[in-house]
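Structure, as structure tokens:
The values are calculated or read from the model by the stated rules, or taken from the named source; none is laboratory data. Because the structure is a prediction, the values reported are computed rather than measured. Note that each Cβ is placed from the backbone with ideal geometry, even for glycine, and that neighbours are counted across all protein chains shown. The protein model used for the area step is the full one, side chains on, heavy atoms only, and it has no ligands, DNA or RNA in it. Shrake-Rupley method; radii C 1.70, N 1.55, O 1.52, S 1.80 Å.
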Amino acid sequence: MVPWWGGGVKEQQKHHRGTPVVIKMENPNWCISELETPSSDEDDFILKKSKKSRGKNAKQLTWVLLLKAHRAAGCLSSIAAAVRRRVKSGTTDSTDTAVAENPTIRRRLHTFIRAFLFISLVLLSFEIAAYFKGWHFKDPKVYFDHILTAGKNSGVFEFGFRDIFGWGYNKWVLFRVGYLAQPLQWLANACIVLFLVQSLDRLILCLGCFWIRLRKIKPVPKTGQLVDVESGDGGGYFPMVLIQIPMCNEKEVYQQSIGAVCNLDWPKSKLLIQVLDDSDDPTTQMLIREEVHKWQADGANIVYRHRVIRDGYKAGNLKSAMSCDYVKDYEFVAIFDADFQPNPDFLKRTIIHFKDNEEVGLVQARWSFVNKDENLLTRLQNINLAFHFEVEQQVNGIFLNFFGFNGTAGVWRIKALEESGGWLERTTVEDMDIAVRAHLNGWKFVFLNDVECQCELPESYEAYRKQQHRWHSGPMQLFRLCLPDIIKSKICFWKKANLIFLFFLLRKLVLPFYSFTLFCIILPMTMFIPEAELPAWVVCYIPATMSLLNILPAPKSFPFIVPYLLFENTMSVTKFNAMISGLFQLGSAYEWVVTKKSGRSSEGDLVTLGEKEAMHERCSSETTLVEMKEELLKQEMKASKKKKKKHNRIYMKELSLAFLLLTAAARSLLSAQGIHFYFLLFQGVSFLLVGLDLIGEQKELKEECSRCGHRRIKREESEASFISSRLRFSRSYKLGARLFAR
């Protein structure tokens, strides 16, 4: 119906020109809305319009653009607020006592970058002044010829301008042409050669992965599949298996890993679980010990071990556990870190590859991640690790029977461990160390790409940075120690060459070296010394192609291909620093920092653990455990109130490199170098975001959310207590009224 105050169909059509839009803006707290609705008499008029014209309605497009602009402004304001908080707090990487970097090397590298930045700013001012004076040419050779011509005409060979500034600028041009351009070009060419060799290696790995998929090649056990566990040992292969769960102050994840391992589908008489707790926190020790006691009461064959002398980090923990007398009764050992949650059929799908194959010493499973979509940092890590497992590990496992042990989610033959010398504490990459020594002794490795074990990715840049420092300093440290053993070993020549040149030098040393040197040092220098050039295919085309190859194992991450390329170059600073520390055996190469966990689980794990918790709640000892946990949580809440507010850190090296690259981008703009300018601009912005720690978990926001959650819980508790008191009062009032009536 048309309202009585309406002016007819024509009048209504005058006011209703399209589909109404309702737009709400969350921040600030106001909204803009259009609540008018076309009347039913306008249906004929609306149907005459095509869907295309309705979709491109001008008013609707205006409101959508306004909403996008509002969201962008809100995002920029939140970033500015976060930057102000971090600058105000003054928390930097230099104030962190737990950062796994040598302070001397960190200061030297930062000093070098700052000096380079200062020189770049001075040279940029020279170039801008020369540009406005008309002395600047796009081709540096033209300007050099102009100097020589002007010098001959004026009778002075050295310079062509008579003022002091012109004399200084000409001196700089002659100096860079005569002394700097040629060495810089040689260094650039050497890095380009390394870049091409490493890209060729990556291309060959991708072709190998394509061949494996095309021919559907995968490891096949020499015998049939395992029978069901419920059928007993008749016809099945159920050897004695030892499971080790090393952990250290990881109270966020201990329940998930212990619960998942205790639910493995394997005869209990053939399985022993060792919880190797290296925690120095009494609260964490108590919680883990009580969790082990709960599963013991439920019938699981599980033991708790705690070392008094905590030497050797994870390697020392595993070595101590293997020294127990009862270990000689077991044939295989499976290792799971504290955040890993294996599926119930994990052992059934891995142990079978050892049967009737005495040459196999290790079976490694693939990792999957429960928090890969948590933030941008976890998405970029997922791209890297998907390529590592899908391409590197699988290709090396199929064609070479050798790859680096990932330290967890793998099953070792105990005989292979013992013959290779066992766990050694000489490096922070004990997993790679034992894998190399086992390979030198002739043991073969099997990688199962279709067997996955869930785990967590570091959600904060601080945790990821420390993890990458350990992962890139340890291999160089190990290379120095293993090189004589590799040369003296009895394996064939091509296996030695693969270990030395591909496994260690190319993938562990060359990659961080050229990535940092070429894109963070040489490329900015070529902007100020234009006589040395980097071709556009080195800056753009080959890196884009390599990023595309890296992202193929994770096709859903294709929208993040540009951030991935920029972030990998940004991380080259940390990887280069770690590589230098490990290669020259500096102090930070021997430091181990446990990666921080958040305790996330998949939905299936939560259901399984929830059912187990329901069974445990029937036990009589559960009440005391709950009371103990409540008391510990109260103590933690009291301690957290006394702590200072947490802030994300500011990373000075990354910030200095950000300003250096942005300065070089401004210089390239004067020469109209399009690809170089955009690459330097986006790379500088990437360094800026990482330097301000805006890429991963935001501690201030997380802390604010937790405080809001505590307030909400307290408010709900107060409301519940108020309602219960009112109910008690009403019941007592009714009872009193009844007694009075009687």
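Treat each spin label as a single point 7 Å out from the Cα along the C-beta direction, and report the LEU61 to TRP186 distance in nm.
In this crude spin-label approximation the distance works out to 5.9 nm.
Given a Förster distance of 56 Å, report the FRET efficiency between ILE217 and TRP167 from their Cβ-Cβ distance, rounded to the nearest 0.05. Don't skip to the end; give the middle numbers.
Details: r = 69 Å, r/R0 = 1.24.
For ILE217 and TRP167, the calculated efficiency is 0.20.
Of the options VAL429, PRO342, PHE399, report the single residue whose Cα projects farthest towards the positive end of the charge dipole of segment 322-445 (beta-carbon charges: Lys, Arg +1; Asp, Glu -1).
PHE399
Report the extension gain between GLN585 and THR111 in nm, rounded to one decimal, defined as 0.36 nm multiplied by the number of residues separating them, less their alpha carbon distance. Walk me through the numbers on the way to the answer.
Working: separation 474, 0.36 × 474 = 170.64 nm, distance 2.11 nm.
Contour length minus the Cα-Cα distance gives 168.5 nm.
Order LYS355, LYS444, most accessible first, counting only protein heavy atoms with a 1.4 angstrom probe.
Of LYS355, LYS444, the descending order of accessible area is LYS444, LYS355.
Between GLU252 and LYS133, how high is the FRET efficiency from 1/(1 + (r/R0)^6) when r is the Cβ-Cβ distance and R₀ = 51 Å? Nearest 0.05. List each step's numbers first, then the result.
Values: r = 62 Å, r/R0 = 1.22.
It comes to 0.25.
Can you compute the modelled spin-label distance between LEU121 and GLU358, with each label point 7 Å from Cα toward Cβ, in nm?
That separation, rounded to one decimal, is 7.1 nm.
Using the Karplus curve 6.51 cos²θ - 1.76 cosθ + 1.60 with θ = phi - 60°, what ³J(HN,Hα) values do you get for each residue of segment 189-197, in whole Hz, with x for Gly and Pro?
With coefficients 6.51, -1.76 and 1.60, one gets 5, 5, 5, 5, 4, 4, 4, 5, 5 Hz.
Work out the charge dipole of segment 487-573 with +1 on the Cβ of Lys and Arg and -1 on the Cβ of Asp and Glu about the Cα centre, then indicate which of LEU505, TRP494, CYS540 is farthest towards its positive end.
TRP494
Quick one: ranking SER320, SER547, SER125 by accessible area, 1.4 Å probe, largest first, what do you get?
If we order SER320, SER547, SER125 from most to least accessible, we get SER125, SER320, SER547.
What is the spin-label model distance, in nm, from ASP325 to LEU200 if the labels are put 7 Å beyond Cα along the C-beta direction?
5.9
What relative contact order, as a whole-number percentage, does segment 377-478 give when Cα pairs under 8 Å and 6 or more residues apart are counted?
Values: 79 pairs, mean separation 35.4, N = 102.
It rounds to 35 percent for segment 377-478.
Per-residue accessible area for ASP280 at 1.4 Å probe radius, Å² rounded to 10?
100
Computed over the Cα atoms, what is the radius of gyration of segment 263-303 divided by 2.2 N^0.38 Å, N being its residue count? Each step should come with its number before you reach the end.
Details: Rg = 11.5 Å, N = 41, 2.2 N^0.38 = 9.0 Å.
Normalised Cα radius of gyration, segment 263-303: 1.28.
Give the shape of segment 338-430 as rounded, prolate or oblate, defined through the alpha-carbon gyration tensor: a ≥ b ≥ c are the square roots of its eigenvalues, a/c under 1.5 means rounded, and otherwise the shape is prolate if a/b is larger than b/c and oblate if not.
Details: a/c = 1.77, a/b = 1.57, b/c = 1.13.
The shape class here is prolate.
Rank these residues by their accessible area, most exposed first, probe 1.4 Å: ARG310, ARG667. Could the numbers behind the result be given before it?
On the way: ARG310 95, ARG667 5 Å².
Listed by decreasing accessible area, they come as ARG310, ARG667.
Loop-only check: which trypsin sites (Lys or Arg not before Pro) in segment 485-569 are DSSP coil with at most 15 other Cβ within 10 angstrom? Before the final figure, lay out each step's value.
Numbers: sites: LYS488, LYS490, LYS495, LYS496, ARG507, LYS508, LYS556; in loops: LYS490.
Loop-located and lightly packed - LYS490.
Taking amide H positions as placed in the peptide plane 1.01 Å from N, state which residues far from ILE273 in sequence (5 or more) or on other chains have amide H under 5 Å from it.
ILE243, ILE302, VAL303
Using Cα pairs under 8 angstrom and six or more residues apart, how large is the relative contact order of segment 357-417, in percent? Present the calculation step by step, with values, prior to reporting the outcome.
Numbers: 35 pairs, mean separation 32.7, N = 61.
Relative contact order comes out at 54 percent.
Would you please give the FRET efficiency between MET286 and ILE309, computed as 1/(1 + (r/R0)^6) with r the Cβ-Cβ distance and R0 = 25 Å, to the nearest 0.05? Mind dumping the intermediate values first?
Working: r = 20 Å, r/R0 = 0.81.
E between MET286 and ILE309, to the nearest 0.05, is 0.80.
For segment 463-537, rounded, prolate or oblate, judged on the Cα gyration tensor with a ≥ b ≥ c (square roots of eigenvalues), a/c < 1.5 rounded, else prolate if a/b > b/c? Could the numbers behind the result be given before it?
Values: a/c = 3.62, a/b = 1.84, b/c = 1.97.
Oblate.
Enumerate the calculated ³J(HN,Hα) couplings along segment 328-339 in order (Karplus 6.51 cos²θ - 1.76 cosθ + 1.60, θ = phi - 60°), each rounded to whole Hz, writing x wherever the residue is Gly or Pro.
5, 7, 10, 9, 10, 9, 10, 10, 9, 5, 5, 9
Dipole of segment 324-418, Cα-centred, from +1 at each Lys and Arg C-beta and -1 at each Asp and Glu C-beta, to the nearest 20 debye? Mind showing how you got there, number by number?
Working: 9 positive and 14 negative charges, 37 e Å.
The calculated dipole for segment 324-418 is roughly 180 debye.
Among all lysine pairs in segment 257-382 that are eight or more places apart or on different chains, how many have alpha carbons less than 17 angstrom apart?
Details: LYS268/LYS294; LYS268/LYS348; LYS270/LYS328; LYS270/LYS348; LYS270/LYS355; LYS319/LYS328.
So the count works out to 6.
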